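Notes follow once the structure below has been shown.
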Amino acid sequence: MATPHPNIVFVFPDQFRQQALGCMNADPVRTPNLDRFAAQSLVLTHAVSNYPVCSPYRAMLFTGRYPFHNHVTGNCYSETRSRGVFLRPEHRCITDVLHDAGYSLGYIGKYHLDTPGSDDARFGEGLRGDGRIWDAYTPPGPRRHGIDFWHSYGCCDRHMRPHYWIGNAPVDQPTEFGEWSVKHETDVAVDYILNQERIHRVPGKPFALFVAFNPPHTPFDQVPPQYLDMYRHAEPEQLLNRPNLPADDGAEAARRWVRHYFAAVTGIDEQFGRILLALDDAGLRDDTIVVFTADHGEMMGSHGRMHKDVIYDESFLVPFLIRWPGRLPARRDDLLLSVPDIMPTLLTLAGLRRAVPPEVDGRDRSDIFLGKPGDRPESALYLAPKLDAPRRGKRGIRTHRWAYVVDRDATESDPKLLFDCLEDPYQLRNVAAERPEAVRELEATLRDWLARTGDPWSEE
Ligand code: CA
């Protein structure tokens, strides 16, 4: 007899690109646990990160709303508090809904949905080289959105010496650990799942656990040597197998860091395997929905770029693997899943369809997840607004065929890029000038998305 309210374990590393799953046959990377998990899961090949940076992704995941509706129109750091760029306590999040439905809620790892207060600079990571404070303390109460087990921090990139505010610890009492953050957070997740001391969650109640690893995010050199050893003897040119890397100096950073990036990926794979094992050991495998995804990808040299924030597949496509034994048929599907869709879809799968807040922008895709016919979106929105000028920056549309982007601040590059992702899967040839009819159609689709999501771009 299936439980009416399954547990949810939602694991999302930061900057883990879809190509870095071994089962995608793209990057030459070792991910044996994820490959096995993928064979038991629904694997989405077109899950996207609509605004591929940290805080906007997290806010879309939590609220089911697009950035101009949830106010997280950029990353959260010291200067964005006065602009109101942080997750509002009054917004109803997926965790609030689950909490009110009787779930125990756990959050482990990087939160990055709050802006730092005056004390956070002294007790968190402090001022960075860019003159900003990124780390933030989230106090118990409404800013934690129903999460009752807290082992988290705001935004701090010390992977080998992570710190956390644990439970009700006040701002001046973060706890530092001298081990790789992914390993540490997995230890905590395993304890939460096993709940042997019955202190992590209420026994017998369903639970939802969010595990937000920071790696494989930069700094790439902070990775345990045992994983780096697995790639030490590979030449960077062998590892960087995508045809869209420039042959000249444009990929220098990628050549330097690709081994470290893949090492972190393999380390995450190993630790994720421990989370799956804990579910087996606790006898919870069949009663638990497990998701593995990421907030965005990593360019790693493609198109001469590093990191994220762009519509190219290495940045925009994310892993999305979801397993619920006996309920979700294991298969691949090219559903174009946008981040705000995750909240209504998961809540519906959890038997809470009627509790989805009416203001949510995302659409419930649970029918498709369950292997039934359902409403399939034909496009996904891409956005990268400028913090101080929300009508500037970039907007775009991804369909199964096209990746289209308009950059209002383009100076040296083309302001409009159009790639035929079927004919040109590595997005090397801009065909905007030769396909005006496709541009017109995509412009109309973009206008619809902007109107639906409260985006001021069209007022320009
Ligand atoms: Ca991120």
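What residue, among those in segment 35-44 that are of a type in the set (A, V, I, L, M, F, W, C) and under 19 Å from the mean Cα position of the chain (by Cα), is farthest from the ligand (Cβ to nearest atom)?
Leu42
For the subset of segment 3-18 comprising residues that are open to solvent by 40 Å² or more (accessible area, probe 1.4 Å) and in contact with a Gly (Cβ under 7 Å, 6 or more places away or on another chain), which member is nearest to the ligand (Cβ to nearest atom)? It would help to see each step written out before you state the result.
Filtering segment 3-18 down to residues open to solvent by 40 Å² or more (accessible area, probe 1.4 Å) leaves 3-5.
From the residues that got through so far, the ones that are in contact with a Gly (Cβ under 7 Å, 6 or more places away or on another chain) too are 4-5.
On the way: Pro4: 34, His5: 30 Å.
This residue is His5.
Applying the selection to segment 83-92, what residues are under 23 Å from Ala355 (Cα atoms) and open to solvent by 30 Å² or more (accessible area, probe 1.4 Å)?
Within segment 83-92, the subset under 23 Å from Ala355 (Cα atoms) is 87-92.
Passing the criteria: Arg88, Pro89, Glu90, Arg92.
Going by the conditions given, is Arg435 surrounded by 13 or more Cβ atoms within 10 Å (Cβ to Cβ) and of a type in the set (Lys, Arg)? Give the derivation first.
On the way: surrounded by 13 or more Cβ atoms within 10 Å (Cβ to Cβ): yes; of a type in the set (Lys, Arg): yes.
So Arg435 fits the description; yes.
For segment 24-42, give me the residue count where each residue is part of a helix (DSSP H, G or I) and under 22 Å from Gln226 (Cα atoms).
Our first condition is that a residue be part of a helix (DSSP H, G or I); within segment 24-42, this holds for 24, 32-39.
Now narrow it down to the ones that are under 22 Å from Gln226 (Cα atoms): 32-36.
The number of residues fulfilling the criteria is 5.
State all residues of segment 282-298 that are farther than 19 Å from Arg36 by Cβ and of a type in the set (D, E, K, R); if no residue qualifies, say none.
Asp287, Asp295, Glu298
Given Val223, Val290, which one is away from the ligand (no atom under 16 Å from the Cβ), open to solvent by less than 20 Å² (accessible area, probe 1.4 Å) and assigned to a loop (DSSP other than H, G, I, E, B)? Break it down into steps so the answer makes sense when it comes.
On the way: Val290 fails: assigned to a loop (DSSP other than H, G, I, E, B).
Going through Val223, Val290 in turn, just one is away from the ligand (no atom under 16 Å from the Cβ), open to solvent by less than 20 Å² (accessible area, probe 1.4 Å) and assigned to a loop (DSSP other than H, G, I, E, B): Val223.
Quick check: is even one residue across segment 99-107 more than 16 Å from the ligand (Cβ to nearest atom), surrounded by fewer than 23 Cβ atoms within 10 Å (Cβ to Cβ) and on the phi > 0 side of the Ramachandran plot?
Yes, because at least one residue in segment 99-107 is more than 16 Å from the ligand (Cβ to nearest atom), surrounded by fewer than 23 Cβ atoms within 10 Å (Cβ to Cβ) and on the phi > 0 side of the Ramachandran plot.
Farther than 28 Å from Thr80 by Cα, within 21 Å of the chain's Cα centre (by Cα), crowded, with 19+ Cβ neighbours inside 10 Å and among the aliphatic types (A, V, I, L, M): is that true of Ala403 in this structure?
Working: farther than 28 Å from Thr80 by Cα: yes; within 21 Å of the chain's Cα centre (by Cα): yes; crowded, with 19+ Cβ neighbours inside 10 Å: yes; among the aliphatic types (A, V, I, L, M): yes.
Yes, satisfied.
If you go through segment 19-34 one residue at a time, do you hit one that is within 15 Å of the ligand (Cβ to nearest atom), in the same structural domain as Gly326 (by TED's automatic domain parsing) and touching a residue at least 60 places away in the same chain (Cβ under 8 Å)?
First pass over segment 19-34, keeping only residues within 15 Å of the ligand (Cβ to nearest atom): 20.
With the extra rule that they be in the same structural domain as Gly326 (by TED's automatic domain parsing), the set shrinks to 20.
Now narrow it down to the ones that are touching a residue at least 60 places away in the same chain (Cβ under 8 Å): 20.
Yes.
Test of understanding: among His307, His303, which residue is in contact (Cβ under 8 Å) with a residue 60 or more places away in the chain, within 16 Å of the ligand (Cβ to nearest atom) and at positive phi? Please lay out each step first, then the result.
Working: His303 fails: within 16 Å of the ligand (Cβ to nearest atom).
From the options His307, His303, the qualifying one is His307.
Gly267: on the phi > 0 side of the Ramachandran plot and away from the ligand (no atom under 16 Å from the Cβ), yes or no?
When the stated conditions are applied, Gly267 does not pass them.
Go through segment 45-82 residue by residue and tally those that are part of a loop (DSSP other than H, G, I, E, B), small (Gly, Ala, Ser), open to solvent by less than 10 Å² (accessible area, probe 1.4 Å) and more than 12 Å from the ligand (Cβ to nearest atom). Outline the logic, then answer.
Kept after step one, since they are part of a loop (DSSP other than H, G, I, E, B), are these residues of segment 45-82: 49-53, 64-66, 71-77, 81-82.
Filter again for small (Gly, Ala, Ser), leaving 49, 64, 74, 82.
Those left that are additionally open to solvent by less than 10 Å² (accessible area, probe 1.4 Å): 49, 64, 74.
The next check asks that each one be more than 12 Å from the ligand (Cβ to nearest atom); those that pass are 64, 74.
Selection size over segment 45-82: 2.
Just to be sure, is Thr175 open to solvent by 30 Å² or more (accessible area, probe 1.4 Å) and hydroxyl-bearing (Ser, Thr, Tyr)? Quick ask: steps written out before the conclusion?
Values: open to solvent by 30 Å² or more (accessible area, probe 1.4 Å): yes; hydroxyl-bearing (Ser, Thr, Tyr): yes.
Judged against the criteria, Thr175 is a match.
Could you figure out which of (1) open to solvent by 20 Å² or more (accessible area, probe 1.4 Å); (2) within 16 Å of the ligand (Cβ to nearest atom) isn't true of Tyr261?
(1)
Kindly provide the set of residues from segment 24-41 that are within 19 Å of Ser315 (Cα to Cα) and open to solvent by 70 Å² or more (accessible area, probe 1.4 Å), ordered by number. Walk me through it before giving the result.
Of the residues in segment 24-41, the ones within 19 Å of Ser315 (Cα to Cα) are 24-29.
Selection gives Asn25 alone.
I'd like to check something: does segment 348-358 contain any residue that is assigned by TED's automatic domain parsing to the domain that holds Val29, within 20 Å of the chain's Cα centre (by Cα), of a type in the set (Lys, Arg) and farther than 30 Å from Ala444 by Cβ?
no
Which ones in segment 45-92 are over 18 Å from the mean Cα position of the chain (by Cα) and among the charged types (D, E, K, R)?
Glu79, Arg81, Arg83, Arg88, Glu90, Arg92
The values are calculated or read from the model by the stated rules, or taken from the named source; none is laboratory data. Every value quoted in this text rests on a predicted model; they were computed, and no experiment measured them. Because the Cβ atoms are built from the backbone with ideal geometry, glycine has one as well, and the counts that use them run over all protein chains shown. Note: areas computed on protein heavy atoms with side chains; ligands, DNA, RNA excluded. Shrake-Rupley method; radii C 1.70, N 1.55, O 1.52, S 1.80 Å.
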